[in-house]
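Let me give you the structure first, and then I'll get to my questions.
Please treat every number below as a calculation from the coordinates, not as lab data. Everything quoted here is computed from the prediction, not taken from an experiment. Every residue, glycine among them, receives a Cβ derived from its backbone with ideal geometry; neighbour counts consider all protein chains shown.
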Amino acid sequence: MEKYVLKDNAERKRYEFDTDGLVKPHIDYIKNNQAVIYLTHTEVPQPLQGRGVGQALVKGVLEDVEKQGLRVVPTCPFVAAYMKRNPATQRLLMPGVNVG
């Protein structure tokens, strides 16, 4: 898999990987003023699907979120499934939220 650089595109309220395509792999988010980030939607363009790009994107986003000291609410099923498969990431969940 290629190495992509994660960018927090605050103007569009999404994390994204920079690619040459018109549609960038991205995760949309909503941040509130109580240090909580809601990860709402993940999109990986069809040509990049099945290559681990989505997982790398979630991993990078969660690493950045942790550096910022934010708590996560994964409303996106893809992010929630990733966090369920990777129990160490669950320490980032907002108290009272679980991924099953």
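For residue 43, state whether it is of a type in the set (D, E, K, R) and surrounded by 14 or more Cβ atoms within 10 Å (Cβ to Cβ).
Details: of a type in the set (D, E, K, R): yes; surrounded by 14 or more Cβ atoms within 10 Å (Cβ to Cβ): yes.
Yes; evaluated as a whole, the condition is true for this residue.
Residue-wise test of (1) part of a loop (DSSP other than H, G, I, E, B); (2) surrounded by fewer than 18 Cβ atoms within 10 Å (Cβ to Cβ); (3) over 9 Å from the mean Cα position of the chain (by Cα).
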position	(1), (2), (3)
15	no, no, no
19	yes, yes, yes
23	yes, yes, yes
34	yes, yes, yes
39	no, no, no
51	yes, yes, yes
61	no, no, no
72	no, no, yes
